[in-house]
1. Considering every pair of different Cα atoms, what Kirkwood radius, in Å, is found for the range 115-217?
2. List the lysines whose Cα lies under 24 Å from the Cα of residue 156, skipping any in the same chain that are fewer than 8 positions away.
3. For the pair residue 155 and residue 81, how long in nm is the line joining their label points, each one 7 Å along Cα→Cβ?
4. Quick one: which residues, 5+ away or cross-chain, put their amide H under 5 Å from the amide H of residue 128? H built at 1.01 Å from N.
5. Quick one: if the Förster radius is 41 Å, what FRET efficiency do residue 67 and residue 42 give, using the C-beta to C-beta distance and rounding to 0.05?
6. Can you sort 37, 184 so the residue with the fewest Cβ neighbours within 10 Å comes first?
7. In nm, give the distance between the simple-model label positions of residue 186 and residue 30, each being 7 Å from the Cα along the Cα-to-Cβ direction.
8. What list of ³J(HN,Hα) values in whole Hz, one per residue of the range 207-219 in order, does the Karplus curve 6.51 cos²θ - 1.76 cosθ + 1.60 (θ = phi - 60°) give from phi, with Gly and Pro shown as x?
Amino acid sequence: MRLIWVILLLLVATSCVSVSERGRLQDEVNAARAELSQKSTLLNESIDRANALQNKVDATTNDLSVATDELNTAQQKIDILQGSVDDLRKLYNQCRTHNVALTTPPDGTYQLVSYDDLMRNADAYSGTNLQFTGEVVQVLTASDGSFDLRVAVTNKTYIWTDVVYVHYTGQRVLENDIISFKGSFDGLYTYTAVLGQSITVPKVTAAYVTVVTKAGDRQ
């Protein structure tokens, strides 16, 4: 009988230990599950942050691509403008080489009129487009950078006479140059000479001036 009680006590003790061990193991399992859930949450948050950063990288890459395209377009426009500037510079240098005034002559026909006829009928020719060739007698520079010339337009073989007062804006010409000029006749102009006498001459506002023969090249 005593043996039976001993066996029963052993069985009860073993049963108690097994229940206790199972409870401990279950607690460890639950703790592991909680830790796994927490780490899973952290992992998902990390993945979300990584995706957000990737989106920013993609957006920045797209902006950079757009900026690069705009920069290339701007560079193409700059190249076109540079080509235009180079063309204008070439034209300017050609004008300087040929001593051409950098102004465009107005449309219309330019008349060749004798000096005598112009002086006698100045009112009739007022506003008319005229053209002359002559020798530069004097060059005056105005405050605005334009020029006033006295040009003798009648060639008497060894001397030029009959002065026309010419106002124009363009490339500088020199005294004793032979020039051709075209412009609008402004009527008669009176100025005071060095000795104090009044001199009246035709006045032309020239739109186009060309050096025919440079002073240094004349015989």
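Where a number appears in this text, it was derived from the coordinates with a stated rule and is not lab data. Computed from a predicted structure; not experimentally measured. Quick reminder, even Gly has a Cβ in these numbers, built from the backbone with ideal geometry, and neighbours come from all protein chains shown.
1. Values: mean 1/r = 0.0723 Å⁻¹.
It is 13.8 Å.
2. 182, 203, 214
3. With each label placed 7 Å out from Cα toward Cβ, I get 4.7 nm.
4. When sequence neighbours closer than 5 places are left aside, the close amide H contacts are 185.
5. Details: r = 37 Å, r/R0 = 0.90.
For R0 = 41 Å, the calculated efficiency reads 0.65.
6. In order of increasing Cβ crowding within 10 Å: 37, 184.
7. It works out to 11.0 nm between the two label points.
8. Each residue's phi maps through the Karplus curve to give 9, 8, 10, 10, 7, 7, 9, 5, 4, x, 9, 6, 6 Hz.
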